[in-house]
Every structure is written in structure tokens, then in C-alpha cells.
Amino acid sequence: MASREIVRYRSPLRSALQGLSILFLIFFFVWTVLPLFIMVVSSFKDLLDAFQLPEVGDWGDIGVMFDFKPTGAHYVELFTEKHFGTYLRNSLIASLGSAAVSVSLGSMAAYALSRAEFRGKRDLLFWIISTRMAPVVAVMVPLYVIFRSSGLVGTLPGLILAYTTFNLPFAIWILKGFFDNVPYAIEEAAQCDGCTRWQAFRLIIPLVAPGIGAFIVLCVLFGWNDFLFASIIGSGGAKTLPVATAELVQPVKIQWGMIMAAGVVTTVPMMFLGLLIRRYLVAGLTMGAVRE
Amino acid sequence: MANIANIDVAGGVVRGVRTVDYVPEDFNRRPPRYYLLWLMLPAILLLAAISLYPLVWLIYMSLHEVQLAPGKSDVWAGIDNFSRLATDKKFLRGWLTLFKYSALCLSVEIGLGVLVAVILNNNRFEKILVTIFLMPMMMAPVIAGFLYMFLYNGTFGWYFWILQSIGLLEGGSILGNKFWAMFAIVATDVWQWTPLIALITLAGLKRVPQDQLEAHMVDGAGPFRNFFSVALPNLYPFLLIAILLRFMDNFRFIDHILIMTGGGPANATKILPTYLFDVSFKFFELGRGAAIAFTLLLLTILLGLVLTIVFEDPTRKLRTQRED
């Protein structure tokens, strides 16, 4: 293997490229962070301050963004008058519930799919992945009718089931990739030592545990961030944070301060979770096709 | 398997020796075991209940006029729901808009993402910058929609102000303008998902063989030649995966479109899934909705087929490359 260090000589082209790339990085950094920053700052501004803008073209006056008295009123109002505590709980129950169902059933199925060889396995896998790829709106059309007739619309179990339509195939598919990387020899050795098959399966769980943990977190994230299912199937009794946020838009006036505060409440926990599973993030978001 | 064979040994032939065919098995693959079936069954049954059963319903619905009011039964409609789609202008435009939207999103995201990855690769601040760049991906698409709606607002939006200040925009509104609305939505998607493309590309760049790069440099290639003739060919499988995944998500997630424009102005941003949402959950014409959903699912199945093929082979190649 060649060494990673490559000797680079200075040349005018190279210095120009370097300068340009630094400029581009700064631009991309600002482009990524500015909206987040504005969201957080606006959530602490009262309505008048939030609407302050400099004159068109007056770049010097950009400091007006910071010219405000911080207030936590929007957050207080969210949790007292708008009952965001309840919606937060709904969001948590729905996403955690679906993650638990998906990963527990999914890991068993993934293990079996990884170890078994049978006719039609490819077709089964194809079915699983295309279930995951199906557009949420298209899935929701029949699901809505079925749930309506069985009284699941507007309930948390209904929402958990709805989230499971995308979380379960995800869990099966991605955990299968994980079990594929654990040699069967380990279980064989355990069985030689007198373990039953079930004990042998339990024995390799610690090997895949970090991955399983990370994918529980990802399932929670997918459920938490969902809007479409929650707005139709959860409407009424099982309102989640994104839906509650959307309802802050009223015909007469849009309560921007509260919307930004709700955005912070919805986003910040997920960002922390994202950092927590940083190592598995790329594998998770590419269905296991790309690993870092 | 025991066989009878004649084998050559030094000094002659020995007849009638029992030999055993030794078939080395792939150590990770085992013959079928029924306990594995039982492990698989709960998940498969649940998945069938929430995906195959609704699919049967979807087909049933697409052939009927679905009545939601209690006590009324569905009316058989034959293929009416489908044949009406052929003349439905909004349906056809929905497909076109979907492809236009995807093409815009993908080209900008791939361009920016690869550029970011190439610059970040082996940069001093790579780790911290990557961590910062991933933040938008964790945001719910609805919240991103609201955030951008706020930024685009004609009276107090900062992006509106910036666009005006650099002279790109005269006035009016961004989301209410037929030309700008599409770009506004694309920008939201680009903001959220370019980092994913950058991450995938970075993972790919780490696997570009260094000796090839070195050999190329020794032969006198500059940075551009190096990128286009060594790095890029090695990146193709990664970019292919990125494109397929993003394309799939482009019609899976319409949350930000529903929030920002709802498909308007004058249907300029009404991509097919948005139209499907309107038909099914605004007008509650579920039979027609089912027919549209069916066409959308066909595309999904096609994509799924491509994905299983792509995922099977390059994945294995990528994994083996990782191990050395």
C-alpha cells in the first residue's frame, strides 16, 4: 500500500485553487449555518424584533439581526397554551414505539435472512427494499381507508403501525448487512460448546449491539421527523410535534416566533442523536450501501 | 458423498477405492434450518400486513369509486380511474414537474456535494466541518420548509433581503412567483441534502487507491487531471448510489413543498406526489388517488429493481476494498 502522504509542489495554479477552495468552504459554511442560526435567534425575539430588516442594499446595517432583547416567551407559550408537552410525548411514544417494534422483529428476521439460504430469497429482499422505497403518500392512500374502518386513525397505535411501514423494512435490510459481517463460525463454536441455537444467537448480539443501538436511534429519527403520516393518520388524537407546528399557521396570522421555537424544540434533540450515532449515519442513510 | 474410483498412485493404479467428494462451503452460508423460518416469520407477517394487504386494497380502490360516508358502498368503476388519467393534464404535468424538480435537485446537489467533498478530503478541519455540515439533515423536512418560508418572506425574510440587495430580485414575492418558486423549493432540498452527497463522496474518496494517484502525479498530472481521470472513475459507484437514493427521496418527501407552496403558484411546483396528496386528502377522491398512487408505485418498483442490482454488486466490491 502506498503511503498516504503525497509531496505537493507549490505552483500558481495550486495556490489559486487553494484560495478558491477556502472561499468556497466559507460560502458553504455560511449557507449551511445561517438558516439554523436565524431560526434559533428568531425563536428568542419578540415579533417586532424578528421583523427588523436593514434597508435594501444596506450591508453595513446587518447588525440589526443582533439588536434585540432575548425573550423566552415563545417557548413558555408553546408549552403552556399550545400544549406542546402533550405533542412532545406523542412524538416520543410514536417514534420510540415504532423503533422498538421494528428493530426487535427486524433483528430476528435480519439474522435469519443473513444465515438462511433458500429459493426466492432475492425476491423477498427485493420486496422488503421496495416497501421501504414506496412514497409515503402512495402508501397512505390504502392505509388511510383500512385504518379508518378499524378505528386506528387518530390513535398512537395507528401512528406506530404507520411508521413501521418504513422502519421495519429499513431495520431488516440494514441489520442483515450487519449480521452478514459476523462469521457463522462463532455460533458454530458456541454450539460445539453446548449452546442451543437460541443461546448462540444471543451470544453474537453483543457483536452487533452498537449497530443495533444506532439503528434504533435512526428509526426514532425517521418517525420523529415524519409529517405526512402524522398529519393524516395521526390527526386528532395523536398529534406529533411537526403537525402541531404546522397548526401554528393560522389564516389570520402566522405566529413566526412560536414556529421558530417549535422548530428548535423539534430539531435540537435530533441533532444530538445524529451526533451520537455519527459513525453509523452514512451507512444508515444509504441503506447500508456506503460505509465510512 | 461416497464414490468408487480408480486412482493413480506411484507405481500403478489402485482400483475400487472409496473416495469422498469434499465440497468446501462458504463459511457464512448454511443449508436451510427451520428455526430460521420461525425467527423470520413475525417480521415478514407484520410487513405483509402493512404492505401487501394495503396493496391489495389499493388495487381494489383503484377499480372503484370509493365512498367514505358510512353506509354507502363502493361503486365498481372498472378502469375508469386509469383511463381518466390519460387525459388528466395535472397528472401528466405532475410527472413532468417531478422530473424537472428531481433533475434540478440532483444536478445541484451532486455538483456542490462533490466539490465540498473534494475540498474537505484530508483538510485540517475535515472532522469538525463534516459534523457541522450534517446538522441540516437531522431536521424534519416540514421544519426546514417553515424555516425557508420565513427566510423567503417578502417583508421580513433575510434571504429575500439578500436577493434584493445583490440585485437579483426586484420585489414581489419568491414563493408566489412561478419562476422563483421552483428554485426556492430546490434550494431547501439542496440545503438539507447536499451534505449527504458530500459524505457519500468523501467515503468514496477515502477509497481511491493512493498508488494510482501517486503514479498519475509522477507522470505529471495536475490536480484537475488527477481528479477527472483517477478519482472520478473510482467514485462512480458511490455517485450512482447517491443519485438513486436522492431520486427516491425526491418523491418520498414532499413535506416542505406542502408547507411552502402547496404545489402553487399555478401548479408550478405541483410534483406528482403533491398532486396525489391533493386528490386523496383534500378532495378525498380516493379511487382516483389510488390509481395515481399505483402509477407512482410502479416507478418505485422499477427503482427498487435497479437498486437491488446496484446494491448487490458494488456493495460487495466496496466491502472487499475496505478490508485491504
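Annotations
- When you count the other C-beta atoms within 10 angstrom of each residue and take the mean per peptide, A:115-128, B:136-149, B:236-249 line up highest first as B:136-149, B:236-249, A:115-128.
- Set of lysines near A:K69 by C-alpha distance (under 24 Å), chain-local residues within fewer than 8 positions excluded: A:K45, A:K82, A:K253
- Shielding by partners, peptide B:288-297 (average Cβ within 10 angstrom, other chains): 4
- Projected-area mean, region A:24-170, by convex hull of Cα positions, square nanometres: 15.5
- In summary, the convex hull built on the alpha carbon positions of the protein assembly as shown has an orientation-averaged projected area of 38.1 nm².
- Using C-alpha pairs under 8 Å with a sequence gap of at least 6, the mean separation divided by the residue count of region A:75-285 gives a relative contact order of 33 percent.
- Counted by neighbouring Cβ atoms within 10 Å, the residues B:W57, B:W193 run from fewest to most as B:W57, B:W193.
- Relative contact order of chain B: 23 percent, from C-alpha pairs under 8 Å at least 6 residues apart in sequence.
- The value of relative contact order for region B:230-308, using C-alpha pairs under 8 Å at least six residues apart, is 23 percent.
- Packing around the peptides A:136-146, A:12-22, taken as the average count of other Cβ atoms within 10 Å per residue, puts them in this order, highest first: A:136-146, A:12-22.
- Ordering B:V13, B:V186 from the fewest to the most neighbouring beta carbons within 10 Å gives B:V13, B:V186.
- Charge context of B:S62, other residues only, Cβ under 15 angstrom, K/R +1, D/E -1: -3
- The Rg/Rh ratio for region A:75-285, using Cα coordinates for both the radius of gyration and the Kirkwood hydrodynamic radius, is 1.06.
- Within the shell of other residues whose beta carbon sits under 14 angstrom from the beta carbon of A:A50, the net charge comes to 0, with Lys and Arg scored +1 and Asp and Glu -1.
- Counting neighbouring Cβ atoms within 10 Å and putting the fewest first, the residues B:K178, B:K90, A:K239, A:K82 line up as B:K178, B:K90, A:K82, A:K239.
- Relative to its residue count, chain B spans a Cα convex hull of 275 Å³ per residue.
- Rg then Dmax, both in Å and based on the Cα atoms of region A:20-64: 13.2, 40.
- Distance from the alpha carbon centroid of region A:44-112 to that of region B:142-198 works out to 20 angstrom.
No lab work stands behind these numbers, since they all come straight from the coordinates. Everything numeric in this text was worked out from a predicted model, so none of it was measured. Cβ sites come from the backbone with ideal geometry, for glycine too, and all protein chains shown count toward neighbours.
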